[in-house]
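Comments concern the structure below.
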Amino acid sequence: MNQTDRADGADELLREFLRAQREIVLAIVDGLSEDAWHRSVVPTGGAEWHWFQGVVSGREPELPGDVEEDQEPYDPMTVVFTAEEPSSEVVAFYRDQCAESEAVLDSTSLSAPPHGRHGLDDDEPPNVRWVVLHMIEETARHAGHLDTARELLDGTVRLGMR
């Protein structure tokens, strides 16, 4: 086995861990009541678009139609996410974002530098592999938040275990 084959195998393993964390997120919210979907019990949010479409691909976000031009800048440390949409639309949106992220990774070497910027500090990711590792960490953290929220909402525990 040559160096390239080892790197490709390791990169695919990283992507598999990320996909597994995403499936854990979906398993935790599966079966949650529609009412519970619209209650925020822990402050958390998503990062798929930012890291893969924004940082890795360098795309600029499009503002939703209900966002004012002079609105305060997004601050990830203060955001509490809720949604008025039905849970099926929220899950479909998350799956779409994950599919877009996978498409970015399918066409980008994990050794490549990102085309965009994280923008919150001067410590930019050195390559796409760092972004994948960060997203494994980030998705696992959010899965933990969701697990706690699910237990607080309806007492259900031990969902999404690997």
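The values are calculated or read from the model by the stated rules, or taken from the named source; none is laboratory data. Fair warning: this is a prediction, and the values are worked out from it, not measured in the lab. All Cβ positions, even for glycine, are placed from backbone atoms using ideal geometry, and neighbour counts span all protein chains on display. Side chains included, ligands, DNA and RNA excluded: accessible areas come from the protein's heavy atoms. Shrake-Rupley method; radii C 1.70, N 1.55, O 1.52, S 1.80 Å.
Figures for the structure shown
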{"item": "Which of W49, W130 is most accessible, then next, and so on - probe 1.4 Å", "result": "W130, W49"}
{"item": "With DNA, RNA and ligands ignored, accessible area of H134 (1.4 Å probe; Å², nearest 10)", "result": "30"}
{"item": "Burial order of peptide ranges 136-146, 101-111 (average beta-carbon count within 10 Å, highest first)", "result": "136-146, 101-111"}
